[in-house]
Amino acid sequence: ETGVTQSPTHLIKTRGQQVTLRCSSQSGHNTVSWYQQALGQGPQFIFQYYREEENGRGNFPPRFSGLQFPNYSSELNVNALELDDSALYLCASSIDVGLAKLQYFGPGTRLTVT
Amino acid sequence: QQQVKQSPQSLIVQKGGISIINCAYENTAFDYFPWYQQFPGKGPALLIAIRPDVSEKKEGRFTISFNKSAKQFSLHIMDSQPGDSATYFCAASNSGNTPLVFGKGTRLSVIA
């Protein structure tokens, strides 16, 4: 186990609704990243937070937003849900080891948009 | 533009055989290359990683081979076991502070 937890495990929403996904990072990790994994694909980077500030963003629209809290837990918010938002959402907490940023993933939240 | 290309898409190996998964990258700024293993219903788990200052790294039955000039790296699983059946993802990043770029994954099935 990586020590990264996510909630909820599964979620079903209707197109146009809003959703909030939560992540609890591993103790001591000050960076959290969120990824979207569509069925049969590799994870795609959404954004990253470091010390409560967004410091990197992938090719996702502004309706994807996030927060990181002082205790290093994090939220991913998605507004105006679309059918294509159906995916596994992964958060990863990371720590610098030498020159590498080792990322440890949580189990993910499976979002289904109908 | 896919920056990390992974092959094959799926692989079937006999128990005890060698599983080989290949990846190629385009961005020469990448300097950190991890492999992740993902079981159904789970998040990806870091398996092994390499930096370009070495050509090979071995951890137990898992070996990464790295060819900097060809911009290719591969994962070898020796003595493959049914418990190794999973989806494997290669990834790359600039260890400075960029996110991981993943390949599309290889579904490995090890049959007895």
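The values are calculated or read from the model by the stated rules, or taken from the named source; none is laboratory data. Please read these numbers as outputs of a predicted model, since none were measured by experiment. Here Cβ is always computed from backbone atoms with ideal geometry, including for glycine, and neighbour counts include all displayed protein chains. With ligands, DNA and RNA removed, areas are computed over all heavy atoms of the protein, side chains included. Shrake-Rupley method; radii C 1.70, N 1.55, O 1.52, S 1.80 Å.
Here region A:32-45 is the region considered, the condition is being within 9 Å of chain B (Cβ to nearest Cβ) and in contact with a strand residue (DSSP E or B) (Cβ under 8 Å, 6 or more places away or on another chain), and the residue that is nearest to B:GLY105 (Cα to Cα) is A:GLY42.
Taken as a whole, the structure places B:ILE50 among residues that are out of contact with any helix residue (DSSP H, G or I) (no Cβ under 8 Å at 6 or more places or on another chain) and either on the phi < 0 side of the Ramachandran plot or modelled with pLDDT under 95 (or both).
For B:THR63, are the conditions met, namely being within 14 Å of chain A (Cβ to nearest Cβ), assigned to a strand (DSSP E or B) and at pLDDT 95 or above? No: the conditions fail for B:THR63.
Within region B:1-32, the set of residues being free of Cβ contacts under 8 Å to residues at least 60 places away in the same chain and either closer than 19 Å to A:SER33 by Cα or of a type in the set (A, V, I, L, M, F, W, C) (or both) comprises B:ILE20, B:ALA24. Just one of the numbered conditions (1) surrounded by 15 or more Cβ atoms within 10 Å (Cβ to Cβ); (2) in contact (Cβ under 8 Å) with a residue 40 or more places away in the chain; (3) not β-branched (Val, Ile, Thr) is not true of B:LEU46: (2). Of all residues in region B:1-43, those that are at pLDDT 95 or above, open to solvent by 10 Å² or more (accessible area, probe 1.4 Å) and of a type in the set (Gly, Ala, Ser) total 5.
Quick check: anything in region B:34-46 touching a strand residue (DSSP E or B) at 6+ places or on another chain (Cβ under 6 Å) and among the small types (Gly, Ala, Ser)? Among the residues of region B:34-46, at least one is touching a strand residue (DSSP E or B) at 6+ places or on another chain (Cβ under 6 Å) and among the small types (Gly, Ala, Ser), which makes the answer yes. In this structure, B:SER80 does not satisfy being under 22 Å from A:PHE105 (Cα atoms) and among the polar types (S, T, N, Q).
Could you count how many residues in region B:74-112 are open to solvent by 50 Å² or more (accessible area, probe 1.4 Å), in a strand (DSSP E or B) and more than 10 Å from chain A (Cβ to nearest Cβ)? Residues flagged as open to solvent by 50 Å² or more (accessible area, probe 1.4 Å), in a strand (DSSP E or B) and more than 10 Å from chain A (Cβ to nearest Cβ) within region B:74-112 amount to 1.
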